[in-house]
Amino acid sequence: MRALVELRDPVAVALAAAAALAALWLGHDLLAIAVTVVVVLLARVGAGLALRRQAAPATVAQLVPADAHWYAPLTRREADVAMLIRDSTNKEIADRLVLSERTIDNHVQNIMNKLNLHHRAQIASWVTERTRVTPTPKP
């Protein structure tokens, strides 16, 4: 499935097209051109998958603070999305949590409805208030 996502990459398609044109210009036959395109696409998919493994998505434990009740009206997954809303677009959140962008849209709408908010910035502010570490007074 992830390999198919990598094939949607416009850079991979452009590289494959450039390789095909170069092979055609050099006078290679159709089989050589097809092999060239497949090799370029496989190399690009392999590189993309290797980069995704290298920059593995954060686990839920890394996203959500240890205090189990800070996100009280939200579900655990909505809390994950809310934690990422401040610094990321829905597409970036979807990539990081390995979900579809539409699912993230739904989570954002559910968060806004549950908290009676109207903007992403308000969600980020709510998360910051709820997860802020309060310093303990010195005796």
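Being of a type in the set (Val, Ile, Thr), more than 26 Å from Gln122 (Cβ to Cβ) and at pLDDT below 75, is that true of even one residue in segment 44-52? Don't jump to the end; show me each part of the working.
Pass one, segment 44-52, residues of a type in the set (Val, Ile, Thr): 45.
This time we only want the ones that are more than 26 Å from Gln122 (Cβ to Cβ), so: 45.
Of the ones still in play, those that are also at pLDDT below 75 are 45.
Checked segment 44-52: at least one residue is of a type in the set (Val, Ile, Thr), more than 26 Å from Gln122 (Cβ to Cβ) and at pLDDT below 75.
Which members of segment 111-139 meet the condition of being modelled with pLDDT under 90, surrounded by fewer than 13 Cβ atoms within 10 Å (Cβ to Cβ) and either of a type in the set (A, V, I, L, M, F, W, C) or part of a helix (DSSP H, G or I) (or both)?
Scanning segment 111-139 gives Thr128, Glu129, Val133.
Filter segment 19-33 for residues that are surrounded by fewer than 13 Cβ atoms within 10 Å (Cβ to Cβ) and assigned to a helix (DSSP H, G or I); which is modelled with the highest pLDDT? Give the derivation first.
Of segment 19-33, the ones surrounded by fewer than 13 Cβ atoms within 10 Å (Cβ to Cβ) are 21-22, 25-27, 29-31.
After this cut, where a residue has to be assigned to a helix (DSSP H, G or I) as well, the list is 21-22, 25, 30-31.
Values: Leu21: 77, Ala22: 79, Trp25: 78, Leu30: 78, Leu31: 82.
Looking at residues that are surrounded by fewer than 13 Cβ atoms within 10 Å (Cβ to Cβ) and assigned to a helix (DSSP H, G or I), I get Leu31.
Checking the conditions here, which among Asp95, Asp67 is in the same structural domain as His118 (by TED's automatic domain parsing) and modelled with pLDDT under 70?
On the way: Asp95 fails: modelled with pLDDT under 70.
From the options Asp95, Asp67, the qualifying one is Asp67.
The values are calculated or read from the model by the stated rules, or taken from the named source; none is laboratory data. The structure displayed is predicted, hence computed values, not measured ones. Don't worry about glycine lacking a Cβ; one is built from the backbone with ideal geometry, like all the others, and counts go over all protein chains shown.
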